[in-house]
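First the structure, in the form of structure tokens, and then the observations on it.
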Amino acid sequence: MNLTWFQNQNPVFLALLATLFTWGVTALGAGLVFFFKSVNKRVLNTMLGFASGVMVAASFWSLLAPSIDMSESLGYNAVLVASIGFLAGGLFLFLADKLLPHLHMNQPKSEAEGIKTSWQRSVLLVLAITLHNIPEGLAVGVAFGAASMGLGGATIGGAIALAIGIGLQNFPEGTAVSVPLRREGFSRMKAFLYGQASGIVEPIAGVLGALLVTQMQPILPFALAFAAGAMIYVVVEELIPESRVGTNMDTDLATLGFMIGFAIMMILDVALG
């Protein structure tokens, strides 16, 4: 793959393009609501397992490993920087979970998390996915910003691989919002609009992430590890539990989906990075 064009572009512009792509894939997933009123549980479990595998692999190869390499090239204590950044990313999502009103799939409105509110169930469902799209957009933006600095293991190819991986796993997330809303009586168009709206935060987070790291180079290794920690929190907190609801066959398919997603992201990163 010829990366010359990408290497000559502003990293903030590339982060915007990449996160518009990931948002677009979210919209594609939400678009399934025009064809189906429900999605087979086994299919959805497999898709969510796949998304989990992609995010775990991306967290290491595209974020943590470059963070460690970059820390070493800057003369930092690589283990300390990566560990603190990783835990800080998880803590950020933990606090956001406790503060922002949201509702996970397959739960009654009484189980909504965050500050108590009278918002509709549909809004709370969208906010759950929106909240967890923040670290994905941030990760893509930070990856392109890091690649532009030419430090450590961060490369344009690796950032592109991360964007592709995030896009792949956004497809089931869009579906996971729009199809349940259709079942609850929303029109197909309204369910689609809600589903794709959950990804709109990614371009915002991506641009902010790229701007931040390109202006403050010393925080790059920390920012990469932070994004990795936030993504792993999303996987463990939401994606894996939701993919393992059902029979033994349902959960087996989720596990196989995880393995395939991990392998595909690993191949993408090695091939492009």
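Just a few scattered comments:
- For the range 162-273, the residue among ILE200, PRO218, LEU239 whose Cα projects farthest onto the positive side of the dipole built from Cβ charges is ILE200.
- Cα-based helix-to-principal-axis angle, 220-234 vs the chain, degrees rounded to 10: 20
- Net charge of the neighbourhood of ALA30, taken over other residues with C-beta under 13 Å away and scored Lys/Arg +1, Asp/Glu -1, is +2.
- With q set to 0.09, 0.18, 0.19 Å⁻¹, the log10 of I(q)/I(0) for the range 122-273, from the Debye formula over equal scatterers at the Cα positions, is -0.32, -1.11, -1.19.
- The Rg/Rh ratio of the range 1-68, with both radii computed over alpha carbons and Rh defined as the Kirkwood radius, is 1.09.
- Degrees between helix 121-149 axis and first principal axis of the chain (Cα, 0 to 90, nearest 10): 20
- Protection-proxy order for peptides 237-247, 40-50, 135-145, each taking the mean of Cβ atoms within 10 Å per residue, highest first: 135-145, 40-50, 237-247
- Shape analysis of the chain based on the Cα gyration tensor places the equivalent ellipsoid semi-axes at 31, 19, 18 Å, largest first.
- Estimated from helices alone, the mean residue ellipticity of the chain at 222 nm is -24500 deg cm²/dmol (sum of -39500 (n - 2.57) over DSSP H runs with n ≥ 4, per residue).
- Protection proxy ranking, peptides 187-199, 26-38, average beta carbon neighbours within 10 Å, highest first: 187-199, 26-38
- Cα Rg over Rh - the range 135-208, Kirkwood: 1.15
- Take the chain with all the other protein chains still there, run a 1.4 Å probe, and you get 42 Å² of accessible area per residue.
- In the chain, the portion of solvent-accessible area held by carbon and sulfur atoms comes to 70 percent [1.4 Å probe, whole percent, DNA, RNA and ligands not counted].
- Using the Cβ of ASP250 as centre and a radius below 13 Å, the other residues enclosed give a net charge of +1, where K and R count +1 and D and E count -1.
- Taking the longest Cα principal axis of the chain as reference, the axis of helix 188-197 is set at about 30 degrees.
The values are calculated or read from the model by the stated rules, or taken from the named source; none is laboratory data. Remember, predicted model here, so these are calculated numbers, not experimental data. All Cβ positions, even for glycine, are placed from backbone atoms using ideal geometry, and neighbour counts span all protein chains on display. Heavy atoms of the whole protein, side chains included, go into the accessibility calculation; ligands, DNA and RNA do not. Shrake-Rupley method; radii C 1.70, N 1.55, O 1.52, S 1.80 Å.
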